[in-house]
């Protein structure tokens, strides 16, 4: 029997943009939530945002989950795949499958990289049956961070607190490729003292799109400007998101505007809110 | 119509600095986009009906030859004539020969995207036949000499002021301001055309195979007028527009109209079963159905792109698309804008010249979420990207630059070893650090220069996650 089926068809409310409360959706929950996971930290977190990876480890360890980091890991291959360079993407994806072959859940702080493995590896390997099977096996074990927290660990309230105003951007691949929306929302809502500002058009793309941001910079920037106007309109001091590509994009745009709004990953928010050291409970 | 897909970047750039166009596009979100969501929420079993719509389209496209023959047989049974056109030239020739042989002087048209593919207005003009669009939006862009900006709202980019000017020029100078007056002015102009027209050309929203009916969905009533007043009616349809039965039509209409305008039903849904029967008092003497292929067979033959034929032209994907809402309809350079246009346009008119179109997307998935028949548009955009670089069966249609191939080979080399991955990041940091302020770059060399034109770019971190994790583990081992 597979460990657990993914909850990829979670309904979310794309109109009112209201946060919906999540319910754990794990049939095996209560029997034996996993106590050990492999971390797929993603290339972007590894080299640009290592603090996000540290926060993931901190949060999981506080919940009694041991984290293993397969050392050879680099990238899932998405940048080349999205750019149309499928043979280059396949080479890197095969390497990824080799590194994450094995048992037990894999956790990643990225909806986009999880979507690459779960939704797009089958496309990439559609005419290579052996790789396809391996891809499906790894894909079944791979969870985005907030999805793992709620659906696998049954955590919807970590009991943390932070006195801060935040807005939450719903990253596209997390929202629409994985259908993971209620999970991050419930985790954010559970934090005491947090002033959550509703973000207009929170479901609309920030214009990142990987190579798109470089290939069509003017279109990408026009989309980013709309997003940042909406973010600044909330008056929130911190913007929270679930994917570091989007974070890099929005933070880079805010910095160019001279704004002091910080952009952080959901894992960082949860880490600070649940830190034993109360002095760290700020952003 | 000649594709202008090479111009994507140029037209997009112009659109994004045009405040009037941006204002018009901004309205799409609060109008059509929210309207669709509200209509879907108010509809029982909406998701189930989308599934059903998808199943109907999939089944029909997989048995397209059968249903097209059934349709043709039934249209002919009612006294209509059917012509299968392999391409737009054949379709145009049929329509023009018909018009000339029947001494047609004036044609009225009701909205038809396939007639835009055909460039039919232009062909009529060349043959000395007056052709007047009767859908108000189409009429406005015909007066402006432009192409549709949106599938269901072709003149959405025109301000009231511009419409005033266009109608006034037609009326010989009398300029109206209020929307009601403008509508009356257009109505008077169109009424004249309706009265003198010998022939009408309409589109087809759906054609029902089992009954031989063609179905038109309109809000202005011009479609019904066009199909009943003139003595000849010619309906043009892309060959994917057939549905098996009237029962299927019910599902398709429900999801089409809600997805297009947010209405539960449009003001008019017209079903036509051929020309006037002997016992009937009105209707056209002749009915012709022109079924156009024009490259659709290529889509049908390609399992990776066949799904594009499921499209029912509701426009929901472009309303949802944040790229369309910035670059507008004309950037896509042919008949079909937005995400579905970014797929069918290069596939039908040439991938080499349309190579920018599949890349004009962040793959955010909003189009797939909006699509009433659940077409997986991001998957097909990715498929076309793969065809652009290396996958197209015809090598002359591929177009990856040498520089780009080198970049990706280098990336692959770097990502294929943890050591090289770390080394690459350390080297990048060392090179970029002197150019940075507070850990961020304001300017950068290519290929990142596109990014830093408007956004700061972060330096790689001073230490990778792997290094941090290793230290953390050894510290912990030391404690034990």
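Taken together, the values in this text are just the output of simple stated rules run on the coordinates, not laboratory data. Note that the structure is a prediction, hence the values are computed from the model and not measured. Note that each Cβ is placed from the backbone with ideal geometry, even for glycine, and that neighbours are counted across all protein chains shown.
Any idea what diffusion coefficient chain A gets from Stokes-Einstein, in µm²/s, Kirkwood Rh on alpha carbon pairs, 37 °C, 0.692 mPa s? Before the final figure, lay out each step's value.
Values: Rh = 19.1 Å.
Translational diffusion coefficient: 172 µm²/s.
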Taking only the Cα atoms of region A:121-203, how large is their convex hull per residue, in Å³? 88 Å³
What the Cα atoms of region B:1-50 span along the principal axes, largest first and in whole Å, is 44, 27, 16
Tilt relative to chain B, helix B:402-415 - C-alpha long axis, 0 to 90 degrees, to 10: 50 degrees
Could you work out, for region B:243-288, what percent of all Cα-Cα pairs fall into each 5 Å distance bin, beginning at 0 Å and stopping at the bin that holds the largest distance? 5, 18, 20, 15, 15, 16, 9, 2
Value of relative contact order over region B:246-405, rounded to a whole percent, pairs C-alpha under 8 Å and six or more apart: 18 percent
Quick one: if the Förster radius is 60 Å, what FRET efficiency do residue B:146 and residue B:476 give, using the C-beta to C-beta distance and rounding to 0.05? 0.30
Distance between the C-alpha centers of region B:292-363 and region B:421-439? Whole Å please. 40 Å
Over region B:376-480, with a single point scatterer placed on each C-alpha, what log10 of the ratio I(q)/I(0) does the Debye formula yield at q = 0.19 1/Å? -1.08
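Express the C-alpha Rg of region A:156-283 as a ratio against the empirical globular expectation 2.2 N^0.38 Å, rounded to two decimals.
Values: Rg = 14.4 Å, N = 128, 2.2 N^0.38 = 13.9 Å.
Rounded to two decimals, the normalised Rg is 1.04.
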At q = 0.12, 0.13 1/Å the base-10 log of I(q)/I(0) from the Debye formula over the alpha-carbon atoms of region B:63-152 is -0.46, -0.53
Go through B:278-289, A:147-158, B:317-328, A:37-48 and give me the packing order, highest mean Cβ count within 10 Å leading. B:317-328, A:37-48, A:147-158, B:278-289
Take every residue in peptide B:369-381, count the Cβ atoms of other chains within 10 Å of its Cβ, and give the average of those counts. 2
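I need the semi-axes of the equivalent ellipsoid of region A:75-221: take the C-alpha gyration tensor, multiply each eigenvalue by 5, square-root it, list largest first in whole angstrom.
Rounded to whole Å, the semi-axes are 30, 22, 10.
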Please work out the Cα center distance from region A:159-205 to region A:82-124, rounded to the nearest Å. 26 Å
Counting pairs of alpha carbon atoms under 8 Å apart in space and at least six apart in sequence, what relative contact order in percent does chain A give? 22 percent
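Return the ratio Rg/(2.2 N^0.38 Å) for region B:327-382, where Rg is computed over Cα atoms only.
Details: Rg = 10.6 Å, N = 56, 2.2 N^0.38 = 10.2 Å.
Dividing the Cα Rg of region B:327-382 by 2.2 N^0.38 Å gives 1.04.
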Cα-based Rg and Dmax for region A:44-123, in Å, come out at 13.5, 41
For region B:116-172 and region A:219-283, distance of Cα centres in Å: 46 Å
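Kindly give the semi-axes, whole Å and largest first, of the ellipsoid equivalent to region B:301-411, taking each as the square root of 5 times a Cα gyration tensor eigenvalue.
Values: eigenvalues 112, 46, 35 Å².
Square roots of five times the eigenvalues give 24, 15, 13 Å.
Per-residue mean of other chain beta-carbon atoms within 10 angstrom of the beta-carbon, peptide A:66-74? Numbers along the way, then the final one.
Numbers: counts 0, 3, 2, 7, 2, 4, 5, 5, 10.
Shielding by partners across A:66-74 averages 4.
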Fraction in percent of alpha-carbon pairs per bin - 10 Å, region A:80-164: 17, 44, 24, 11, 5, 0
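Compute the orientation-averaged projected area for region B:148-303 from the convex hull of its Cα atoms and round it to one decimal in nm². Please report the intermediate quantities before stating the final value.
Working: hull surface 46.9 nm².
The orientation-averaged projected area of the Cα hull of region B:148-303 comes to 11.7 nm².
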Relative contact order of region B:80-201, please, whole-number percent, based on alpha carbon pairs below 8 angstrom and at least 6 residues apart. 28 percent
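Given that compact globular proteins tend to follow 2.2 N^0.38 Å, what is the ratio of the alpha-carbon Rg of region B:233-388 to that value? Present the calculation step by step, with values, prior to reporting the outcome.
Values: Rg = 17.5 Å, N = 156, 2.2 N^0.38 = 15.0 Å.
Dividing the Cα radius of gyration by 2.2 N^0.38 Å gives 1.17.
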With equal scatterers on the alpha carbons only and no solvent term, can you work out the Debye log10 of I(q)/I(0) for region B:190-248 at 0.30 1/Å? -1.22
For a quick size check, give me the Cα extents of the protein assembly as shown along its three principal axes, largest first, whole Å. 98, 56, 51
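If one computes P(r) from the Cα atoms of region B:23-107, what percent of pairs lie at distances over 20 Å?
On the way: 2378 of 3570 pairs.
Within region B:23-107, distances greater than 20 Å cover 67 percent of Cα pairs.
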What is the mean number of Cβ atoms from other protein chains located within 10 Å of the Cβ atom of each residue in peptide B:315-326, rounded to a whole number? 3
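Using just the Cα positions, wrap chain B in a convex hull and report its mean projected area in square nanometres, one decimal place. Don't skip to the answer; put the middle values down first.
Details: hull surface 118.5 nm².
Projected area, direction-averaged: 29.6 nm².
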